[in-house]
2 protein chains.
Amino acid sequence: MLSPAEARQKFRAGLRVPTSGYCPGWTQANLLSLPREHAYDFLLFAQRNPKACPVLDVTEPGQTSASVFAGDLRTDLPGYRVYREGQLVDERTEVTSLWRDDLVSFLIGCSFTFEAALQQAGVPVRHIDMGTNVPMYRTNRECRPAGALSGPLVVSMRPVPAELVPTAVRVTSRYPAVHGAPVHVGAPGLLGIDDLACPDFGDAVEIRPGEVPVFWACGVTPQAAVMRSKPPFAIGHAPGHMAITDLRDSEFQVP
Amino acid sequence: MLSPAEARQKFRAGLRVPTSGYCPGWTQANLLSLPREHAYDFLLFAQRNPKACPVLDVTEPGQTSASVFAGDLRTDLPGYRVYREGQLVDERTEVTSLWRDDLVSFLIGCSFTFEAALQQAGVPVRHIDMGTNVPMYRTNRECRPAGALSGPLVVSMRPVPAELVPTAVRVTSRYPAVHGAPVHVGAPGLLGIDDLACPDFGDAVEIRPGEVPVFWACGVTPQAAVMRSKPPFAIGHAPGHMAITDLRDSEFQVP
């Protein structure tokens, strides 16, 4: 049982792992760092797409920590992706040399937050049981655009036994600030997902007989918008390799 | 039982009334319109103070309607307040002649949204029963600042019979996007409220023996920030005289 500070220390030292199941009880977050001139468009994009982009915190330009994250945003995540003009140009374990004084960092809620609650309610979480990264898919659903930003909704998928789907919906709906209730249950083809075995991000997981694929809005959606909209520069977390914050999961539970 | 469009028509024709209890089942919203150059600061202020400033919608600059409000933002609220350099300079029933092409309008959740749910749960809502405006108070609690914007938290108050306080907390906590659970129960002096009979906005209400004053974060908070922070120009709704949107209250209920 690592504390957030201990986990961040391991990531700073170079450990590169998906963070699902890490530091149970502590909230994990997606990262997107953008030049200040694009910050309003992104904050508006997030407001218009709150299921996919629930904003937990926004830094001042150039700041390397956040009010909810006492570590160093440049080194303390287990993986980063670097974009230039919308192209993924690098994947790294730290971004210190790339940091800029005008970068505004957005920390965005992550569905890993409600996974402990799912398990406590008896809903298995396959990618945790398999020790892999959660599967994530681009969908055919468009986000509401904002300024220069547009892009598709990205979803994470967890296979849920059919009789536990109502429980999974009920439990996760109590966490609206970290993606909340699913956006889609079953019928992946209607989301434009042709093959669940080929996720766009993360790893495929086994779907057993009697299980239904359940889809939640995913905090990789901002990076899909970066790829589509091509701002000159952006840094994101590596999908599934999250920022572990100093917030307790319980702060996000309603009622 | 008016529809939102019918109510807006009456307000456009000049009817000036507090909107609590109007169009039950339809979501009401606070308005703040600011020049585009101040929009990022305000959107960030809202993100940092989500209990007081839950953003339901943001317009493009100059737009006079919104995706959640099919009416005319310049005429279809029952009352407006106009600020120059943070000074309240005018109170009007329409602001057409003052409108500017660079105004970005923010529609912010309103606690009137959960009042029907309170009544259905057996919790009396005094200002509705009295036919007056809800009492609102500036507090001694500072909001988290953002850029040039800072200000105190403003709260609305409803007196609740002591045995119904838990019900009032439980019911309203299911509406996090429209201020959610109370921020304070009892002890108004600790919020810096010296005299409940003298609200800063709205009307005083009777507090009966055995009732406890319960305080919810209030969407007048943005106007208190305008008064403190003195942007050159701003338009807000007259407190208690809200925008009636085309959204159903039920959309904001979780789980």
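Residues are listed down the side, and each one gets a yes or a no for (1) touching a residue at least 12 places away in the same chain (Cβ under 8 Å); (2) away from chain B (no Cβ under 14 Å):
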residue	(1), (2)
A:P199	yes, yes
A:P209	no, yes
A:G219	yes, yes
A:F252	yes, no
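In region B:176-193, the residue that is nearest to B:L31 (Cα to Cα) out of those that are assigned to a helix (DSSP H, G or I) and at the interface with chain A (Cβ under 9 Å from one of its Cβ atoms) is B:A177.
Residue check: B:P231 meets all listed conditions (1) in contact with a helix residue (DSSP H, G or I) (Cβ under 9 Å, 6 or more places away or on another chain); (2) more than 27 Å from B:G86 (Cα to Cα) but one, namely (2). Here B:D101 clears all of (1) surrounded by 14 or more Cβ atoms within 10 Å (Cβ to Cβ); (2) touching a Pro at 6+ places or on another chain (Cβ under 9 Å) except the condition numbered (1). Region A:1-109 holds strands (runs of 3 or more DSSP E) entirely within its bounds, and those carrying 3 or more residues that are closer than 15 Å to A:H241 by Cβ and more than 14 Å from every other protein chain (Cβ to nearest Cβ) map to A:26-35, A:80-84, A:87-92. No other residue among B:Q9, B:Q47, B:Q63 is touching a Cys at 6+ places or on another chain (Cβ under 9 Å) and modelled with pLDDT of 95 or more apart from B:Q47.
Only a single criterion out of (1) on the phi > 0 side of the Ramachandran plot; (2) at pLDDT 95 or above; (3) not polar (S, T, N, Q) is not satisfied by A:G25, namely (2). The residues of region B:110-135 that are open to solvent by less than 40 Å² (accessible area, probe 1.4 Å) and in a helix (DSSP H, G or I), listed by number, are B:S111, B:F112, B:T113, B:F114, B:E115, B:A116, B:A117, B:L118, B:R126, B:H127. The number of residues in region B:176-190 that are open to solvent by 20 Å² or more (accessible area, probe 1.4 Å) and either of a type in the set (G, A, S) or modelled with pLDDT under 95 (or both) comes to 5. Residues in region A:139-175 that are within 11 Å of chain B (Cβ to nearest Cβ) and either among the aliphatic types (A, V, I, L, M) or buried (at least 22 other Cβ atoms within 10 Å of the Cβ) (or both) were compared, and the one that is nearest to B:G180 (Cα to Cα) is A:Y175.
The values are calculated or read from the model by the stated rules, or taken from the named source; none is laboratory data. Note that the structure is a prediction, hence the values are computed from the model and not measured. Glycine also receives a Cβ, built like all others from the backbone with ideal geometry; neighbour counts cover every protein chain displayed. The protein model used for the area step is the full one, side chains on, heavy atoms only, and it has no ligands, DNA or RNA in it. Shrake-Rupley method; radii C 1.70, N 1.55, O 1.52, S 1.80 Å.
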